[in-house]
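K.L.:
Here it is, the structure in full.
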Amino acid sequence: MTAEFTGWHVLAEFGGVDAALCNDLERLETALRKSLLGAGVTICDVVHKQFEPQGVTVLALLSESHASIHTYPESGDIFVDVFTCGSIGAGATKAVELLQAELSPGSVHMEVIQRGHAARRIHEPVGEGLTRVWDLKDVLVDTRTPFQHMVIARTEQGVSLFSDEDRQSTEYSQLTYHEAMLVPGYALAAKLDKVLIVGSGEGVASQMSVAAGASLVDHVDIDQLEVELCAKHLPYGYTEADLDRAVAQQGPIKMHYADGWDFLAKAEAAGVRYDMIVIDLPDERVEDAQHNRLYEDDFLLRCKALLAEGGVLAAQAGCQTMWRNETLKRSWTRFHNLFATVVPYVSDEHEWTFIFGTPAVLEDPVTKMTATLASLPYRPETVDAQALVRGAIEPHALRVGVPVG
């Protein structure tokens, strides 16, 4: 029978341990042996080292993996590391608890990590010193494309897409996300015939725009492999057949594997104009990042130049929470400096805020949006007139603390 590739790794720090005990090799080895046997694991061998002038390391080789302690008598601190695999996996926690009883530390900090096939995780950065941990039940794709690390996996939110450890979309929440990104723009635009999508590799934005009445959707994405893998594995957006038709430019959706910046330059030279342009890329980073250039003034100005009369530029603008709103403030300032009318939409889905700008002067854009919403060919499931009114109230930090102009 093949052993299951899984286990538990316990990392602990014991503080306030008696200094003499921290330097007593015999007592420490006895305590470690007793704790491991009490936890039901099998000791194969034990090695140790007494350091000069002080300090001890004891390392136990286990049938189930390993355990070790390393001491600092001068401060009364001990590092503890126990990893046990297979059916005795939880024995690691028990061993550390028994060792704690033997050594009587004044303080204990313990971290338990599951490892192996059943323990795949994505640690999504959400702010300075903060991460969101996603448990992956079944990894369908884990590859590095020419542009990003891409993971598609089953999570508690269904099949989910991650790019460079950032969640991009999930089966359960993608509709809320995409409607928040698109529907306010559909309602703000003077008309909706030609649409340009930059990014949004799943294909949902392109399909939703056709449903909203667009006769042409130019979909531009630099990462061909990502788009193809999304079509193959995601239960939303393009199917492989849909993508083949878009690549062959058979139908309203035209797929272009190109750099967004270069595509815009060619479209401008050709005199193409769009009723709505959507920028749906991985989040702008506070730190320098290659894709940040597609959020900055020069790119936004190029988008603005391609808008038809009454056209709208839509972008994923960042997060409204006070501990992560730096890129949102940047977007707010840029859009107000470039567009006569700017409307935000604060999404119900996690922390997203989207931003919509038009060169047209609209005295009451929200009233225009709520009136247009009822006549859209696309019938949204997660955005109604009340949501547009609520979502257009910009976060307090933008109302009071962001310079414009």
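The values are calculated or read from the model by the stated rules, or taken from the named source; none is laboratory data. Quick caveat: nothing in here was measured; it's all calculated off a predicted structure. Neighbour counts run over all protein chains shown; Cβ positions are idealised from the backbone, glycine included. Surface areas here come from the heavy atoms of the whole protein model, side chains and all, with no ligands, DNA or RNA. Shrake-Rupley method; radii C 1.70, N 1.55, O 1.52, S 1.80 Å.
K.L.:
With volume of the Cα convex hull per residue in Å³ in mind, check (i) 132; (ii) 184; (iii) 115 and report the label derived from this structure.
P.N.:
Correct label is (ii).
K.L.:
Now for a different question. Given the protein chains as shown and a 1.4 Å probe, how many square angstrom of F147 are accessible, to the nearest 10?
P.N.:
Per-residue accessible area (F147): approximately 110 Å².
K.L.:
So what is the 222 nm mean residue ellipticity for the chain from helices alone, if each DSSP H run of at least 4 adds -39500 (n - 2.57) and you divide by all residues, rounding to the nearest 500 deg cm²/dmol? Write out the running numbers ahead of the final one.
P.N.:
Values: 13 runs with 127 residues, N = 405.
Rounded to the nearest 500, it is -9000 deg cm²/dmol.
K.L.:
Give me the percent of the accessible area of the chain that comes from carbon and sulfur atoms, probe 1.4 Å, all protein chains in place. Kindly include the intermediate steps, with their values, before the conclusion.
P.N.:
Numbers: 9510 of 18330 Å².
The value for the chain is 52 percent carbon and sulfur by accessible area.
K.L.:
What is the total of Lys pairs in the chain with C-alpha atoms under 25 Å apart, excluding same-chain pairs fewer than 8 positions apart?
P.N.:
Going through the chain pair by pair, I get 18.
K.L.:
Shifting gears a bit: With the contact rule set at Cα under 8 Å and sequence spacing of 6 or more, what percent relative contact order holds for the stretch 37-95? Each step should come with its number before you reach the end.
P.N.:
Values: 105 pairs, mean separation 16.6, N = 59.
Relative contact order of the stretch 37-95: 28 percent.
K.L.:
Here is a follow-up. Can you give me the solvent accessible area of S331 with a 1.4 Å probe, rounded to the nearest 10 Å²?
P.N.:
Counting only protein heavy atoms, the figure is 10 Å².
K.L.:
With a 10 Å radius around each residue's Cβ, average the other Cβ atoms per peptide and rank 28-36, 176-184, highest first. Can you show the working numbers first?
P.N.:
Numbers: 28-36: 20.2, 176-184: 25.0.
Ranked by mean Cβ neighbours within 10 Å, highest first: 176-184, 28-36.
K.L.:
Given the options G271, Y238, Y72, identify the residue whose Cα lies farthest towards the positive end of the charge dipole of the chain (+1 on Cβ of Lys, Arg; -1 on Cβ of Asp, Glu).
P.N.:
G271
K.L.:
Another one. Quick one: compute the contact order of the chain, relative version, from alpha carbon pairs under 8 angstrom and 6+ residues apart, as a percent.
P.N.:
Relative contact order comes out at 12 percent.
K.L.:
Enter the accessible area per residue of the chain (Å², integer; probe 1.4 Å; all protein chains in place).
P.N.:
45 Å²
K.L.:
Defining a contact as two alpha carbons under 8 Å apart and six or more residues distant in sequence, what relative contact order in percent does the stretch 1-125 show?
P.N.:
Relative contact order here is 40 percent.
K.L.:
What's the whole-number percent of alpha carbon pairs in the stretch 184-305 lying beyond 17 angstrom?
P.N.:
Cα-Cα pairs in the stretch 184-305 separated by more than 17 Å: 56 percent.
K.L.:
In the chain, if the dipole is taken from +1 on Lys/Arg beta carbons and -1 on Asp/Glu beta carbons about the Cα centre, which of S63, P252, L300 is farthest to the positive end?
P.N.:
The one lying farthest along the dipole's positive direction is P252.
K.L.:
Determine the order of Y257, Y345 by accessible area, beginning with the largest, at a probe radius of 1.4 Å.
P.N.:
Y257, Y345
K.L.:
Nearest 20 debye, what's the magnitude of the dipole of the chain about its Cα centre given +1 on Lys and Arg Cβ and -1 on Asp and Glu Cβ? All intermediate terms of the calculation are to be shown ahead of the outcome.
P.N.:
Working: 32 positive and 58 negative charges, 175 e Å.
Using Cβ point charges on Lys, Arg, Asp and Glu, the chain gives about 840 debye.
K.L.:
A further question on this structure: When only the heavy atoms of the protein chains count and the probe is 1.4 Å, how do E268, E349 rank by accessible area, highest first?
P.N.:
On the way: E268 80, E349 15 Å².
The residues order as E268, E349, largest area first.
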